[in-house]
Amino acid sequence: MPLLKIENLKVYYPVRGGFFRRVVDHVKAVNDISFELQPGETYGLVGESGCGKTTTGRTIVGLNHATAGKIVFEGTDLARLSRKEFQHYRKDIQMIFQDPYSSLNPKKRVADIIAEPIRNFEKLPREQEREKVREVMEKVGLSPDSMFKYPHEFSGGQRQRIGIARALTLNPKLIIADEPVSALDVSVQAQVLNFMKDIQKEFGLTYLFISHDLGIIRHMCDRIGIMYRGRFVEEGTSDEIYENPQHIYTKRLLSAIPNGDPENRAAQKQYREKINNEFRQAFRDYFDEEGKPYHLKPVSHTHSVALP
């Protein structure tokens, strides 16, 4: 049984116009997507900026309202719950935000930031709460002695670890990581990503990993969904997506991955130009009249592609 099952999820935002500000159209940020997460796996959502991947994550955690579709978590459709009913499940689904500084309250000490979920859900005695904060700070590689500091006194990597510590305090089953390392230096990125894999093994976590960096996605994810204009264009295992891409948009994304070998740069540039030309020429073969992807069709048991 999947831990999380998304069925035909839609998230539309109204466009208002005219003197009476009537709804004249909708921005279809997420337009009919479906996927599953099995316990303990990492599922990657990939796509360019504005494709709807962050909106998907925020809708799952309850920060955005689903226009239609189902968000089934452990057999319960979260999209049909009231705010009060959803509160029971909120501690099992936590989120790590993209910017490690703006997601932390600059007026609060680290001890209070990490303890906030505990105060909202568990209401432990102060000494037990402080002990749990110390414990989780040690788990993420931060010294408990620094719990009374403010966020601006930490480096970018340390601030992201504070965000991870806050997400771990309630022992969640699912963590939605929204580009958790995009604001960090490359050397710090590797440390945070490896740390996230370590704690996944230790705590049995399930990740929904959102990113536009395909190199990071390959390092982290078991299965991948490629998004474009609010829909999936391809879904499959990591090996299937990287070794046997079927959709022209997926090929275009993969061709954009930088090649660090100077001897292969010319060949990589030629390949990128070839894929870009193919994308322009074959656009109508992969997208409908409105320029939107078709619905997914299976090409194997684990691999699906948006084809007419």
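The values are calculated or read from the model by the stated rules, or taken from the named source; none is laboratory data. The structure presented is a predicted model; accordingly, all values stated were derived computationally and were not measured. With ideal geometry, Cβ positions are generated from the backbone for all residues, glycine too; neighbour counts draw on all protein chains shown.
Can you name the residue in segment 163-179 that is out of contact with any helix residue (DSSP H, G or I) (no Cβ under 6 Å at 6 or more places or on another chain) and part of a loop (DSSP other than H, G, I, E, B) and is also farthest from residue 119 (Cα to Cα) among such residues?
179
Considering every residue within segment 285-308, establish whether at least one is free of Cβ contacts under 8 Å to residues at least 12 places away in the same chain, farther than 27 Å from residue 6 by Cβ and among the basic types (Lys, Arg).
Checked against the condition, which is being free of Cβ contacts under 8 Å to residues at least 12 places away in the same chain, farther than 27 Å from residue 6 by Cβ and among the basic types (Lys, Arg), segment 285-308 yields no hits at all.
Being at pLDDT below 90 and within 20 Å of residue 305 (Cα to Cα) narrows it down to one residue among 193, 214; which is it?
Numbers: 193 fails: within 20 Å of residue 305 (Cα to Cα).
Testing whether each residue is at pLDDT below 90 and within 20 Å of residue 305 (Cα to Cα) leaves just 214.
Tell me, which residue of segment 275-308 that is of a type in the set (Ser, Thr, Tyr) and loosely packed, with under 15 Cβ neighbours inside 10 Å is farthest from residue 238 (Cα to Cα)?
300
Name the single residue, out of those in segment 83-106 being among the charged types (D, E, K, R) and farther than 22 Å from residue 134 by Cβ, that is nearest to the chain's Cα centre (by Cα). Before the answer, list the steps.
Let us first name the residues in segment 83-106 that are among the charged types (D, E, K, R), namely 83-85, 90-92, 99.
Filter again for farther than 22 Å from residue 134 by Cβ, leaving 83-85, 90, 92, 99.
Numbers: 83: 22, 84: 25, 85: 24, 90: 17, 92: 16, 99: 13 Å.
Ranking the qualifying residues of segment 83-106, first place goes to 99.
Quick one: which residue in 160, 191, 200 is closer than 14 Å to residue 100 by Cβ, in contact (Cβ under 8 Å) with a residue 40 or more places away in the chain, assigned to a helix (DSSP H, G or I) and among the polar types (S, T, N, Q)?
Values: 191 fails: in contact (Cβ under 8 Å) with a residue 40 or more places away in the chain; 200 fails: closer than 14 Å to residue 100 by Cβ.
Of 160, 191, 200, the one residue that is closer than 14 Å to residue 100 by Cβ, in contact (Cβ under 8 Å) with a residue 40 or more places away in the chain, assigned to a helix (DSSP H, G or I) and among the polar types (S, T, N, Q) is 160.
Provide a single number: the residues in segment 1-25 that are touching a residue at least 40 places away in the same chain (Cβ under 8 Å) and either charged (D, E, K, R) or assigned to a strand (DSSP E or B) (or both).
Residues meeting the conditions: 9.
Pick out the one residue from 222, 239, 261, 185 that is within 19 Å of the chain's Cα centre (by Cα) and surrounded by fewer than 21 Cβ atoms within 10 Å (Cβ to Cβ).
222
Test residue 62 against the criterion of being surrounded by 17 or more Cβ atoms within 10 Å (Cβ to Cβ), at positive phi and touching a helix residue (DSSP H, G or I) at 6+ places or on another chain (Cβ under 6 Å), and give yes or no.
yes
Are there any pairs with C-beta distances below 6 angstrom linking a residue in segment 254-279 that is in contact (Cβ under 8 Å) with a residue 24 or more places away in the chain to a residue that is of a type in the set (Val, Ile, Thr), with the two at least 6 apart or on different chains, and if so which?
Pairs that qualify, where the first residue is in contact (Cβ under 8 Å) with a residue 24 or more places away in the chain and the partner is of a type in the set (Val, Ile, Thr), are 279/248.
For segment 29-37, state whether one or more residues are among the small types (Gly, Ala, Ser) and either part of a strand (DSSP E or B) or modelled with pLDDT of 95 or more (or both).
In the first step, residues of segment 29-37 are kept if they are among the small types (Gly, Ala, Ser); the result is 29, 34.
If we keep only those that are either part of a strand (DSSP E or B) or modelled with pLDDT of 95 or more (or both) too, we end up with 29, 34.
Yes, segment 29-37 contains a residue that is among the small types (Gly, Ala, Ser) and either part of a strand (DSSP E or B) or modelled with pLDDT of 95 or more (or both).
Which residue, of 145, 178, is among the acidic types (Asp, Glu) and either buried (at least 21 other Cβ atoms within 10 Å of the Cβ) or closer than 21 Å to residue 219 by Cβ (or both)?
From the options 145, 178, the qualifying one is 178.
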